[in-house]
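Note sheet for the following structure.
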């Protein structure tokens, strides 16, 4: 891709917020989502920022290092949020509600990084992908434990916790694939709609 085709990539305030390293990650995330990891070169990333490819090597050893940093920091932030809610005050129902709303908002307000996380991770080395799966399992286990707690307190339907957790998280996360920024629904309406459907049910 020519430099003039990527020069206008948005950086979401990365320069002011965290310097060149954050800017590289921000621009790379946008490009990886827009044109795919394999179709994006370090030259593309450098051109979008306005410096040379060798300058990127000051911060990252390779393009894969950039991808791994993007997905690694993303899952760590998500895990911090879910742990904070799951271990916080309130009933299991209240905490699950808060968790799903936060998860939905996070997914839809950060669609670039979520798309890269789910669609481009296969470019990681087997060792790094295994690390990501371990951290995903930790995230899922936190939600599953909260569901089990709700079953024990009589707040949630007594069904297989693995099925329940996969359904809950799948409904919330998958919105990154179909949500339309220009559509009639806001992020809050989608996040709340997912909760309403899961908590109230499908049948009127």
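A short reminder: the numbers here are calculations on the coordinates, not readings from a lab. Being a predicted model, the structure only gives us computed values, none of them experimental. Don't worry about glycine lacking a Cβ; one is built from the backbone with ideal geometry, like all the others, and counts go over all protein chains shown.
Brief remarks on what is shown
- When you count the other C-beta atoms within 10 angstrom of each residue and take the mean per peptide, 65-71, 179-185, 152-158 line up highest first as 65-71, 152-158, 179-185.
- The alpha carbon gyration tensor of segment 96-204 gives principal lengths a ≥ b ≥ c with a/c of 1.5 or higher and a/b no greater than b/c, which makes the shape oblate.
- Residue of 125, 72, 175 that the Gaussian network model of the chain assigns the largest fluctuation, springs spanning Cα pairs under 10 Å: 125
- For segment 126-144 versus segment 82-107, the inter-centroid distance based on Cα atoms is 19 Å.
- Matching label, Cα Rg over 2.2 N^0.38 Å computed from the structure shown, candidates (i) 1.15; (ii) 1.50; (iii) 1.00: (i)
- Prolate/oblate/rounded call for segment 95-144, Cα gyration tensor, a/c under 1.5 rounded: oblate
- Here the residues 194, 116, ranked from fewest to most Cβ neighbours within 10 Å of their Cβ, fall in the order 194, 116.
- Helix 14-35 and the longest principal axis of the C-alpha atoms of the chain enclose an angle of approximately 80°.
- This ranking places 195, 174 by how few other beta-carbon atoms lie within 10 Å of each, fewest first, which gives 174, 195.
- Label point at residue 189 placed 7 Å out along Cα→Cβ; residues across segment 162-179 whose backbone nitrogen lies under 17 Å: 175-176, 178-179
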